[in-house]
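Colleague: Quick one: this structure, given as structure tokens, is what I'll be asking you about.
Every number here is computed from the coordinates shown, using simple stated rules; none is lab data. This is a predicted model, so every value here is computed, not measured. All Cβ positions, glycine included, derive from the backbone under ideal geometry; neighbour counts span all protein chains shown.
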Amino acid sequence: MSHKKNSSHPGDHEQSENKKTAEMKTQKTPNEDALFSEENMNVKESGRKYASAEVKDASKKEDTYSKLESDLHQANDRTLRALAELENYRKRVARELDDMRKYANVDLIRDMLPVWDNMGRAIEAVEKTHDAQSLIDGVRMMHEQFIRILKQHHCERIEALGQPFDPNIHEAISQMPDAGQSPGTVLYESQIGFKLYDRVVRPTQVVIVAPENK
């Protein structure tokens, strides 16, 4: 009776076991494949979102730059227009001030013309009648008219006679003793002064009482 010998070698068995182990290591379960696929999808989605965010950020930056550039141009235009308007305003004001200085006395001259007319009439009347009293009356009338015109233009006489000397509005040209009045009192007015509003146009020239000689 014959017996079959087992031809398998111990080394062959070891190689077969190693091969099975390797296959088991490399073989993936369905769950692992799903997880790997989902992870890839997440990575791709993250990549797309990051790329989209970069595009949006670049577009936003470009829009912001364009807006800033437009605002800058508009600001420059407004500045140039404002400077031009300011220069025109300065020129207009300078012209107006020049006209005011040139024609500031128009009203005064217009009001003084009647005095001029009356002076001519008085001279003509005296030449015809040779009446000195008429001349005196005409001059007195013109003097009163002249004072009224000055008052209309806020120019008034500076009163001084009998008042204490005031160096702000009076100019002392001489002094005289007078026992009846206090030293420094105005005795005479040698030239009438005038002031325009509160500004002295011309001080009144006066003679004052001299201080007592002790």
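Colleague: Count charges around residue 89 for me, please; just the other residues with Cβ under 13 Å from its Cβ, Lys/Arg as +1, Asp/Glu as -1.
Modeller: Counting the neighbours of residue 89, the net charge comes to +2.
Colleague: Could you give the size of the charge dipole of region 67-132 about its Cα centre, using +1 on the Cβ of each K and R and -1 on the Cβ of each D and E, expressed in debye and rounded to the nearest 20?
Modeller: It comes to approximately 300 debye.
Colleague: Along the positive direction of the dipole of region 157-214 (beta-carbon charges: Lys, Arg +1; Asp, Glu -1; about the Cα centre), which of 200, 210, 163 reaches farthest?
Modeller: 200
Colleague: Using unit Cβ charges (K, R positive; D, E negative) and no other charged atoms, how large, in debye to the nearest 20, is the dipole of region 105-153 about its Cα centre?
Modeller: So the dipole magnitude of region 105-153 works out to roughly 140 debye.
Colleague: Moving on. Can you list the HN-Hα couplings for region 167-178, worked out from phi with the Karplus curve (6.51, -1.76, 1.60; θ = phi - 60°), rounded to whole Hz and with x for Gly and Pro?
Modeller: 3J(HN,Hα) across region 167-178, in whole Hz: x, 6, 10, 10, 10, 7, 9, 6, 9, 9, x, 7.
Colleague: Cut-off is 10 Å between beta-carbons; in what order do 149, 208 appear when sorted fewest neighbours first?
Modeller: Neighbour counts put them in this order, fewest first: 149, 208.
Colleague: Quick check: from the Cα gyration tensor, does region 127-180 come out rounded (a/c under 1.5), prolate or oblate?
Modeller: oblate
Colleague: Cα-based Rg (one decimal) and Dmax (whole number) for region 135-214, in Å?
Modeller: Reported Rg and Dmax, both Å: 15.0, 50.
Colleague: Could you give the nm distance between label points at residue 70 and residue 99, where each point is 7 Å from its Cα heading toward the beta carbon?
Modeller: For the pair residue 70/residue 99, the computed spacing is 4.4 nm.
Colleague: Just the number, please: Stokes-Einstein D of region 105-153 in µm²/s, Kirkwood Rh from C-alpha pairs, 25 °C, 0.890 mPa s.
Modeller: Reported coefficient: 217 µm²/s.
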